[in-house]
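Some notes on the structure that comes next.
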Amino acid sequence: MKIGTAGRAQAAFETAKGLDKCAHARIVRPRTVMKEQIASVQAEALARIGGIADMKALEEARVAVLGKKGTLTQLQQGMKDVPKEDKPAVGALLNEARAAITAALDARKDALQQEIDRAAVAGCDVTMPGATLPGGGLHPISIVRDEAVRILRRMGFTLADGPEIEDEWHCFDALNTPEDHPARNEKDTFYFDSGKLLRTQTSTVQARVMEKQAPPVRIFCPGSAFRRDAIDATHLSAFNQIEGLYVDKHVSVGDLKGTLEYFLKALFGSETAVRFRPHFFPFTEPSFEIDVLLQAAGQAPRWIEIAGCGMVNPAVFENIDKAAGKRLYSDCTGFAFGIGLERLAMIRWGIRDIRLLIENDIRFLAQFQ
Ligand code: DAH
């Protein structure tokens, strides 16, 4: 006949105790035997767990006692052979044993984890100051651009944008630049095989804005422009400008002068002297170059060219209206201006070589933070 686990355990227990199988077995009550077996499994498990020094051995101990074939689990399976009246008491003992062993396993696991954590930082001085990572800062071009944008916004100008890859219409034709103008030469402009080009000026945005919206217009556009210039101390082939355009009824040269003087004084200081010199641009008539009187440390004051500007050439308005097929701009007047941002930064900080602005040398850039 097959005997249950508890029966087998009981027999083993009795043998171990030197009990006579025939004579005494019958008088030892199963409940007492189970009780002792549970106590011994528990005591053994707790002793084993207490001496465990690594996580792997701890897991092995858990499986050996609480696992599917573990010693306590086997005792639990013997419950079915325990007489009915003893089941509650034995069951309670089993539960207590499992709880005590589980608690001991958890406690040992925590203690081992702490040891592992402590070993991981052994030799570290946690009171030492941390390594400081250098913080980034804005590029000088971004700094002057943001300042210029702030002032223009304050005067009621809004942001406009246009593509860097342009067509000849927006870059030249709409802006009254004749076919034979030197700026249209292949030697001066980056052309694509498609006939498109990298815009040589942000003035393209003037045409883009006017063909999209009716007057009045009061916009600025910061952006990159490109020319086939050999790179030297004062030239880059990719550079940055801010374009401005103001169009309405009855805009005068007085508006142009007042607006740009205010703008430049806000940028360079209220004492700054500003002068307008006659010049030529195809898209403005009259046109001017603007100089500001600046004094570098230890030098006599000098007039320095800072921007181009002028009253929008009526030919530009006609081009826009002709393309749109309606008369929107032909009755307007307006002014436009373009400022080189690299130049602005160089004047502002006395930078002698424009190439410093594109080399990304931290020693140079860190000076602007
Ligand atoms: N586009 C000119 C340049 O790149 C600058 C300029 C001059 C812009 C006069 C203007 C202007 O809007 O009116 O050199």
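The values are calculated or read from the model by the stated rules, or taken from the named source; none is laboratory data. All values reported here derive from a predicted model rather than from experimental measurement. For neighbour counting, all protein chains shown are included, and Cβ atoms are generated from backbone atoms with ideal geometry for every residue, glycine included. We work out accessible area using only protein heavy atoms, side chains counted, and drop any ligands, DNA or RNA first. Shrake-Rupley method; radii C 1.70, N 1.55, O 1.52, S 1.80 Å.
Of Gly350, Gly325, all but one fail to be exposed (fewer than 12 other Cβ atoms within 10 Å of the Cβ), more than 16 Å from the ligand (Cβ to nearest atom) and closer than 28 Å to Lys265 by Cβ; the exception is Gly350. Screening Leu152, Leu159, Leu112, Leu105 for residues that are open to solvent by 90 Å² or more (accessible area, probe 1.4 Å) and either in contact (Cβ under 8 Å) with a residue 24 or more places away in the chain or touching a Cys at 6+ places or on another chain (Cβ under 7 Å) (or both) leaves exactly one candidate, Leu159.
When restricted to residues that are within 16 Å of the ligand (Cβ to nearest atom) and either outside any loop (DSSP other than H, G, I, E, B) or farther than 14 Å from Thr177 by Cα (or both), region 293-322 contains 15. Just one of the listed residues (Gly340, Gly334) is within 15 Å of the ligand (Cβ to nearest atom) and closer than 21 Å to His139 by Cα, namely Gly340. Which of the residues spanning region 314-344 are within 20 Å of Asp232 (Cα to Cα) and at pLDDT below 95? Matches in region 314-344: Arg343, Leu344. Restricting region 353-367 to residues that are free of Cβ contacts under 8 Å to residues at least 40 places away in the same chain and outside any helix (DSSP H, G or I) leaves a set whose member that is farthest from the ligand (Cβ to nearest atom) is Asp361. Restricting the first member to region 210-235 and to residues that are of a type outside the set (Asp, Glu), and the second to residues that are assigned to a loop (DSSP other than H, G, I, E, B) and surrounded by fewer than 13 Cβ atoms within 10 Å (Cβ to Cβ), the beta-carbon pairs closer than 6 Å and six or more apart or on different chains are Arg218/Gly156; Ala233/Asp353. Taking the criterion of being in a helix (DSSP H, G or I), farther than 30 Å from Ile116 by Cβ and either of a type in the set (Val, Ile, Thr) or in contact (Cβ under 8 Å) with a residue 60 or more places away in the chain (or both), would at least one residue in region 34-43 satisfy it? Scanning region 34-43, I find at least one residue that is in a helix (DSSP H, G or I), farther than 30 Å from Ile116 by Cβ and either of a type in the set (Val, Ile, Thr) or in contact (Cβ under 8 Å) with a residue 60 or more places away in the chain (or both), so the answer is yes.
Total residues in region 284-297 satisfying the condition of being modelled with pLDDT under 95, open to solvent by 20 Å² or more (accessible area, probe 1.4 Å) and among the hydrophobic types (A, V, I, L, M, F, W, C): the figure is 4. Of all residues in region 328-347, those that are in contact with a strand residue (DSSP E or B) (Cβ under 8 Å, 6 or more places away or on another chain) and either open to solvent by less than 30 Å² (accessible area, probe 1.4 Å) or farther than 30 Å from Asn176 by Cα (or both) total 13.
Looking across region 131-172, the residues that are small (Gly, Ala, Ser) and either over 23 Å from the mean Cα position of the chain (by Cα) or within 24 Å of Ile354 (Cα to Cα) (or both) come down to Gly136, Gly137, Ser142, Ala148, Gly156, Ala160, Gly162.
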